[in-house]
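Following: one structure in structure tokens, then a few remarks.
The values are calculated or read from the model by the stated rules, or taken from the named source; none is laboratory data. Here the structure is a predicted model, which is why all the values come from computation and not from measurement. Cβ placement follows ideal geometry from the backbone for every residue including glycine, while neighbour counts extend to all protein chains displayed. These area figures cover heavy atoms from the full protein model, side chains too; ligands, DNA and RNA do not enter into them. Shrake-Rupley method; radii C 1.70, N 1.55, O 1.52, S 1.80 Å.
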Amino acid sequence: DPDTANKYRFLLVWFLVVLTIFSIAATKLPNYILPLYPALAVLTARWLDRWRTGEVTVPRWVLIAAAAGCVLVGVVYILALTLMAGTITSPFKGKAFGSMPALGPHAWIGIIPVIVGVWFGWQAVRGRCNAAVGAFAAGAIVFLGLIGARATNALEDYKVSRYLAEEVGLRQPDRDIRIGAFGWLRHSVVFYVRREV
């Protein structure tokens, strides 16, 4: 159908234009690429719906790879947080390893993609596409929601700007001090020191 093809083409061009322009831009902030997510979400949802209804067939190895990728995300998440928290000893040297103990209690969140990946793979290989898509969607919402609500908040204490403001003594709103930056400035420093930099 030409109309359907044009709709997909429009969404694909939308996605690629935003991605390309902001990849070339000199300054890169995460929120710059937010406009590409609606197009990507519609394309992904439409493809999953077509797979769910049987319009699109997917080779078995792709389903297994998708399930394994989901499991891998969970395993890497658990390992990363336990290493950064110092719960397990790292064979590597680096300041990040063991320096963020507040992240340790949130490593369990990585179990969610492990369980979802196994369940998704089992359902998808057996041809139960509705159950596979439903489990994957629910798991993604729970996993990302818990990361946003718990693990991200645990990182708050380790922000460089906050540490700089509090530990170095720059946050002194009762005193008239001047703060300057040379060769390095994060915009959040202004927020944490509560004055012009």
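Pairing residues of the range 1-27 that are farther than 15 Å from R46 by Cβ with residues that are outside any helix (DSSP H, G or I) and at pLDDT 90 or above, at Cβ distances under 6 Å and at least 6 apart in sequence or on separate chains, gives V18/P35. Of the residues making up the range 72-88, at least one is within 24 Å of G134 (Cα to Cα), touching a Pro at 6+ places or on another chain (Cβ under 8 Å), modelled with pLDDT of 90 or more and aliphatic (A, V, I, L, M). Residues in the range 123-154 that are open to solvent by 60 Å² or more (accessible area, probe 1.4 Å), in contact (Cβ under 8 Å) with a residue 40 or more places away in the chain and under 27 Å from D49 (Cα atoms): 2 in all. Within the option set L19, L40, being within 20 Å of A137 (Cβ to Cβ) and either open to solvent by 60 Å² or more (accessible area, probe 1.4 Å) or not small (G, A, S) (or both) holds for one residue only, L40. Any residue in the range 51-61 that is open to solvent by less than 60 Å² (accessible area, probe 1.4 Å), within 29 Å of G134 (Cα to Cα), touching a Cys at 6+ places or on another chain (Cβ under 7 Å) and modelled with pLDDT of 90 or more? Yes, the range 51-61 contains a residue that is open to solvent by less than 60 Å² (accessible area, probe 1.4 Å), within 29 Å of G134 (Cα to Cα), touching a Cys at 6+ places or on another chain (Cβ under 7 Å) and modelled with pLDDT of 90 or more. Is it true that I24 is over 25 Å from I115 (Cα atoms), at pLDDT 85 or above, aliphatic (A, V, I, L, M) and open to solvent by 100 Å² or more (accessible area, probe 1.4 Å)? Considered against the rule, which asks whether it is over 25 Å from I115 (Cα atoms), at pLDDT 85 or above, aliphatic (A, V, I, L, M) and open to solvent by 100 Å² or more (accessible area, probe 1.4 Å), I24 comes out as yes.
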